[in-house]
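Asks: Quick one: the structure is below, questions incoming.
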Amino acid sequence: MTTDAFATDSARDDRLVLVDVLDREVGTATKERAHFEGLLHRAFSVQLVRDGADGPELLLTRRAEGKYHSGGLWTNSVCSHPRAGETLAQAVPRRMVEELGVPELAGLPCRELGSFVYRHDFGTGVTEYELDHVFVAPWDGAPNPDPTECSEWRWVPAAEVMRMLLEEPQALTVWFVNVASLVLADICG
């Protein structure tokens, strides 16, 4: 079933955890199948934050153009899925290192803020239908991201993120609106 959208995705055959809306496991499917059939699956988003000169800052990443969806859009620091048989506690540090290329990220004290369900049809045959767990972690550094995951990164003041959410939502991934809302309420509330 490999399609052009997943042709360059080395993780397309990873088995993802299918869940119900209460996050109870109901099975597994390949990453490719889950996204082409719009199957609800477990995901996570990590937002790295630091204290900037004018208040909290968020590390935003721009998805690589070659991603199977949302290429070129700004989003939270790391977005991914646990593999079948892998807990969130195992998947989060693994993906922080794989995506951002900084070994010390594996030891960060991530804190879960909550979760939400979203569904989005990209009009390309790919549908994201995820129960997304949102994590926040303090870090002040410069990542060395995998270029197949992230084409650019920058530390953005919380006030600028709020402005982007209101004035430039088309420049952001669809899930980042929910992720940012949880994170901003936590760090600015």
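Asks: Would you be able to tell me the number of residues in the stretch 9-68 that are basic (Lys, Arg) and in a strand (DSSP E or B)?
Replies: So the first thing to find is which residues in the stretch 9-68 are basic (Lys, Arg), and the list is 12, 15, 24, 31, 33, 42, 50, 62-63, 67.
If we keep only those that are in a strand (DSSP E or B) too, we end up with 15, 42, 50, 62-63.
Going through the stretch 9-68 one residue at a time, the tally reaches 5.
Asks: For the stretch 131-184, which positions are farther than 19 Å from ALA91 by Cα, outside any loop (DSSP other than H, G, I, E, B), open to solvent by 70 Å² or more (accessible area, probe 1.4 Å) and not aromatic (Phe, Trp, Tyr)?
Replies: SER151, GLU152, ARG154, ALA159, MET162, ARG163, LEU166, GLU167, GLN170, listed by residue number.
Asks: For the stretch 88-97, check the following and say yes or no: at least one residue is in a strand (DSSP E or B), of a type in the set (Lys, Arg) and surrounded by fewer than 21 Cβ atoms within 10 Å (Cβ to Cβ).
Replies: no
Asks: What are the residues in the stretch 124-175 that are free of Cβ contacts under 8 Å to residues at least 60 places away in the same chain and touching a Lys or Arg at 6+ places or on another chain (Cβ under 9 Å), if any?
Replies: Scanning the stretch 124-175 gives a single hit, GLY141.
Asks: Only residues that are among the aliphatic types (A, V, I, L, M) and surrounded by fewer than 20 Cβ atoms within 10 Å (Cβ to Cβ): list them for the stretch 60-87, please.
Replies: Matches in the stretch 60-87: ALA64, LEU73, ALA84.
Asks: Within the stretch 126-169, which residues are of a type in the set (Lys, Arg) and more than 14 Å from LEU73 (Cα to Cα)?
Replies: ARG163
Asks: Still on this structure: Which of the residues that make up the stretch 66-118 are more than 14 Å from the chain's Cα centre (by Cα) and basic (Lys, Arg)?
Replies: ARG83, ARG111
Asks: Given the structure, is SER45 hydroxyl-bearing (Ser, Thr, Tyr) and open to solvent by 10 Å² or more (accessible area, probe 1.4 Å)?
Replies: no
Asks: Among the residues of the stretch 171-189, what is the count of those that are modelled with pLDDT of 95 or more and of a type in the set (S, T, N, Q)?
Replies: Going through the stretch 171-189 one residue at a time, the tally reaches 2.
Asks: Look at PRO138 and say whether it is out of contact with any Phe, Trp or Tyr (no Cβ under 8 Å at 6 or more places or on another chain), modelled with pLDDT of 95 or more and closer than 16 Å to LEU48 by Cα.
Replies: In short, yes.
Asks: What is the number of the single condition among (1) of a type in the set (Val, Ile, Thr); (2) under 30 Å from ARG24 (Cβ atoms); (3) in contact with a helix residue (DSSP H, G or I) (Cβ under 8 Å, 6 or more places away or on another chain) that THR87 does not meet?
Replies: Here THR87 clears every test but (3).
The values are calculated or read from the model by the stated rules, or taken from the named source; none is laboratory data. From a predicted model like this one, the values you see are computed outputs, not experimental measurements. Positions of Cβ are generated from backbone atoms using ideal geometry, with glycine treated the same way; all protein chains shown enter the neighbour counts. Side chains included, ligands, DNA and RNA excluded: accessible areas come from the protein's heavy atoms. Shrake-Rupley method; radii C 1.70, N 1.55, O 1.52, S 1.80 Å.
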